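The values are calculated or read from the model by the stated rules, or taken from the named source; none is laboratory data. Everything numeric in this text was worked out from a predicted model, so none of it was measured. Cβ atoms come from the backbone with ideal geometry, glycine included; neighbour counts cover every protein chain shown. Only protein heavy atoms, including side chains, enter the accessible area calculation; ligands, DNA and RNA are left aside. Shrake-Rupley method; radii C 1.70, N 1.55, O 1.52, S 1.80 Å.
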Amino acid sequence: MRPRIVFTIVRKELLEALRDRRTLFMMIALPILLYPLLILGLSRLQEGQQAATAARASRVAVWGELPAETAQRLSEKGKVELLPWAGAPESVRAGLTMNQLSAPPSPPLEMEAADLPPKPRKMPDTLWAKAAQQAILDRKADAVLIAWPGFGERIGKGELGVVTILFDSVRDNSRKARDRVSDGMRLYRVELQKQRERKLSLPPGFSVGIEMQSTNVATEQRKSGLLIGTLLPYMLIMFSAMSGFYAAIDMTAGEKERGTMQTLLCAPVESLEIIGGKFLAVWSIAMIATVVNLLSLALTFSQIKMPGMQMSTPPSAYLVAFLMLIPISLMINSVFLAVGAFAKDFKDGQNFLTPVLLGLLVPLSVTMTPGVELDGYLAFVPIVNIALLIKGVFVGEWSADMLFLVLVSSFCYASLALVFAANVWEKNAVLLGGKERFGSVFDFSRRPGAKPTPASSLLIFAVVLVAGFYGSLALLKHGLPIVLTVTQYGCFLLPVLLLIRMKGYDFTETLRLRAPSLKAILGAVLIGCSAWAVAGGLLVRLLPPPESLQKAMEKLLMLDESAVPLWQVWALIALTPAICEELLFRGLILSGFRRLGMWPAILATSLLFGLAHASIYRMLPTMALGILFGYAVWKTKSIAAGMICHALNNGLMATMARSKPLMMQLGLGESKFVPWHIIGICAVLLAAGLWLVHSDEESTTA
């Protein structure tokens, strides 16, 4: 693929897309105009409504005889206007006056609290309740306060007086009236309790018994972060996707409709160059829209004023949100281009891509679902993981390891989407408007003599990563020995063998199944015995792992601290990963990248090897080990060299972890870092091992 051709197509597509008013509107105009109008407009409207409601006195109809002291308490602040018998029918008035109506039964004590407003009950099927409902619906009052017969006399005697507040929760004015009356009655009740205690010479608090205080520890920024984190992922991802939506349709179905797709295919360019250029153009438009959306939302949220909330979020939160949107944008726009290629015209493209766009609504809705938080099970669920992580960033609940897991899984899905799009665009029948089946893109037909490709390497890595992650979570309750055995052989090795068999790859050539020379074996032994100290000793100092990861690694090397023989530890910790992981990474995956050249192939494989260990703190040391193992396999042309390096590296670490005296003798017991003298000795051994495997290639070639 020629980069010059790709960027020529990118320039062409961007210029054409920017001439499209729909694309410009979705990319720039809509975010700039919509968010201030929608969010700030609604916020200002709500503020104005709340201010008007707060300034207006609540009109409360009083049915029954309310003592003068109680009425004065309720209306003394001027926020409650009492309307005697307003809206009361004669039958209800007569029933209350002649003591023919009685209060409903009191609820259990545990359902009411002295410092909380009364819990609303279901409306009873009685004459007085229906009359109060009608009075509120007719706007004769905002709420109805019924003082049941004998209320004043009971209060005067020190007994229990009962009142009922009826309100309409649909109307703001009615809810406000209920709150004001409820607050006034509760304050009056507290004053009555104090008066009765003084009258009876009881100690203060006798009638209350227990004072319950409730304190909210959430900061204003955290509360505003919850609001922003609930809305932001949904709005950002949807509007960013909509920008790429129209651009993808125009560059696929639109070109077919205009007849320019055939002209482009007749040019001396490859299909991958076309898809590369078009994808970069669509993705650039989507990312511009993402930046504009993010800036518009950030400015809009900063202008919102809400009581009890400080709408000031640090810029770092928005930066992390932007970084998290990159892989999801890659994935969504890849799918748009792949699916849009099957459409014959612009209308057909909308029919094809609209279900894909609407499919984002379900996973994005999780941010608005109370109680759903990002955990290990959701870290690998596409779109959901990004949305929940962005929410966690704004709330202040996220970790580097969880960020790493979400990014790794999201880039895996983005890679699969890119591979899918590339496969679609290699089908000329699809691009020319032919009737190609959608399932024909997923071609797993056996072709003897075929060789792995970078796409197949990315595919097997994504499948293995997701299968291994969820497999280990599902088996964790059965203990580490079962987890290691099943995930290594079932999730790592088995997919490798199946893919090689299905695609017709040569087992010997793909997996480098050759016997190593004695020089290669000796070099691999030296690398395996020394690489852990050099890679871990140096790189761990750059990014020290937290104590929780250190304990987790010790638990892994100790196999849950179970008393198993040392040979079993070597079988599970050393030999099993050496076989399964080496056949996967230095076997199939390295073979897929081999056409890129030695160092690009080794670095790409090592990067995936580091990502597979699912920890940002293990990333650099594991990647460095992957480079050393990959170099040994490349130079010796034998997977056995990598297996020897891997087995000795893991086995020695497990042996030292289970032998405290040996750790103390080596100076590893008192410090969390490898001592410099150990690093120096191992660096010499490592250099000797690398020289041996390097010279082994020269002797084999000669």
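Here the gap between Thr219 and Ala68, fully extended at 0.36 nm per residue and compared with their Cα-Cα distance, gives a gain of 50.1 nm. Per-atom-type breakdown for region 144-242 gives carbon and sulfur 56% of the accessible area (1.4 Å probe, protein chains only).
In this simple spin-label model, placing a label point 7 Å from the Cα along the Cα-to-Cβ direction at both Ala94 and Arg11 gives a separation of 9.5 nm.
Among residues other than Ala57 with Cβ under 11 Å from its Cβ, the summed charge is +4 (Lys and Arg +1, Asp and Glu -1). Could you check how many percent of all C-alpha pairs in region 132-196 are farther apart than 16 Å? Tail fraction, whole percent: 52.
At 1.4 Å probe size, with every protein chain present, just tell me what the per residue accessible area of region 226-304 comes to in Å². With the other protein chains kept in place, region 226-304 gives 31 Å² per residue.
The overall shape of region 341-433, judged from the alpha-carbon gyration tensor, is oblate: a/c is not under 1.5, and a/b is no greater than b/c.
Within region 575-615, what whole-number % of the accessible surface is contributed by carbon and sulfur, with the 1.4 Å probe and all protein chains included in the calculation? The computed percentage sits at 76.
Between Cys266 and Arg4, what is the FRET efficiency for a Förster distance of 22 Å, r being their Cβ-Cβ separation, to the nearest 0.05? Using R0 = 22 Å, I get an efficiency of 0.70. When a 1.4 Å probe is rolled over the protein heavy atoms, the share of accessible surface on region 324-393 that falls to carbon and sulfur comes to 68 percent.
Full extension of the segment from Lys199 to Ser316, taken as 0.36 nm per residue of separation minus the current Cα-Cα distance, would add 36.0 nm. Enclosing the Cα atoms of region 131-277 in their convex hull gives a volume equal to 212 cubic angstrom per residue.
With bins 5 Å wide beginning at 0, the percent of Cα pairs of region 455-542 falling in each bin runs 2, 11, 13, 12, 13, 22, 18, 6, 1. Computed over the alpha-carbon atoms, region 161-247 gives an Rg to Rh ratio of 1.31, Rh here being the Kirkwood radius from the mean inverse distance. Using a simple spin-label model with pseudo-atoms 7 Å out from Cα toward Cβ, His694 and Glu373 lie 5.1 nm apart. A full extension of the chain between Val170 and Gln134 corresponds to an added length of 11.5 nm, given 0.36 nm per residue minus the alpha carbon distance.
Normalised per residue, the accessible area of region 346-422 is 40 Å², obtained with a 1.4 Å probe and no contribution from ligands, DNA or RNA. Using heavy atoms of the protein chains and a probe of 1.4 Å, the accessible area assigned to Tyr505 is about 20 Å².
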